[in-house]
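Nothing in this text is a laboratory measurement; each read-out follows from the coordinates by a stated rule. Predicted model only: the values in this text are computed from it and were never measured.
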Amino acid sequence: MFPEYRNLISQLKQNDAHFSKIFEEHNGLDHEIIRLEQNPVTQGIDEIDVLKRKKLKLKEELYEILQKADQD
């Protein structure tokens, strides 16, 4: 995610607790979505779409923080 900001992400994860929390939550959702999609029983449930929307919202927030930090 955001390879152009790889160094900045590393810095923010160490120095910004809010960014770090959002980043970890995003990764956790990513893993949960993959787990649900790979399970034939849960593959088509509506919860996956809800999780994907939440993940996208977090990704947008992360991107905003990265853009702002990159300008500083």
For the stretch 36-52, take each phi angle, set θ = phi - 60°, evaluate the Karplus expression 6.51 cos²θ - 1.76 cosθ + 1.60, and give the result in whole Hz per residue in order, putting x for glycine and proline.
5, 5, 7, 8, x, 6, 9, 3, x, 6, 5, 4, 4, 5, 4, 5, 5
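From the helices alone, meaning DSSP H stretches of at least four residues, give me the mean residue ellipticity at 222 nm for the chain, per-run term -39500 (n - 2.57), in deg cm²/dmol to the nearest 500.
Values: 3 runs with 58 residues, N = 72.
Result for the chain, helices only: -27500 deg cm²/dmol.
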Karplus 3J(HN,Hα) series, Hz, for the stretch 15-28 with 6.51 cos²θ - 1.76 cosθ + 1.60 (x for Gly, Pro):
10, 10, 4, 5, 4, 4, 5, 5, 4, 5, 5, 4, 5, x
Pairs of lysine in the stretch 3-71 with Cα under 16 Å and at least 8 positions apart or on different chains: total?
8
